[in-house]
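These notes concern the structure reproduced below.
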Amino acid sequence: MEICMITPDDTISVFLRITGQSSSEITGPAFTPAGDRLYFSSQRGTTGSSSGGITYCVTGPFHT
């Protein structure tokens, strides 16, 4: 339940971590064209059921 990034010096680091959703997985991370928001989903959310999904939005700005 992490989204990781690779830094310019090839170091892998955790960008975000979702806790309390051990029966789920992160799906579909995508940036808006403007690069100011990151959307992703927790496939089964906190319930662990297929109907318990949650979509998140993280605001930036993000730099490449």
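Each reported figure results from applying straightforward, stated rules to the coordinates on display, with no laboratory input. Computed from a prediction, not measured in an experiment: that's the story for all the values here.
Using 0.36 nm per residue, how much length does the chain from THR55 to CYS4 gain when fully extended, once their Cα-Cα distance is taken away? Spell out each step's value before the answer.
Values: separation 51, 0.36 × 51 = 18.36 nm, distance 1.77 nm.
So the chain would gain 16.6 nm between THR55 and CYS4.
What is the ratio of the Cα radius of gyration of the chain to 2.2 N^0.38 Å, where N is its residue count, to two decimals?
Compactness ratio reported: 1.21.
Quick check: residue separation of THR32 and PHE15 times 0.36 nm, minus the Cα distance between them. What number comes out in nm? Could the numbers behind the result be given before it?
Numbers: separation 17, 0.36 × 17 = 6.12 nm, distance 1.71 nm.
Going from the current span to full extension adds 4.4 nm.
With an 8 Å cut-off on Cα pairs and a minimum separation of 6 or more residues, tell me the relative contact order of the chain in percent.
Computed value for the chain: 25 percent relative contact order.
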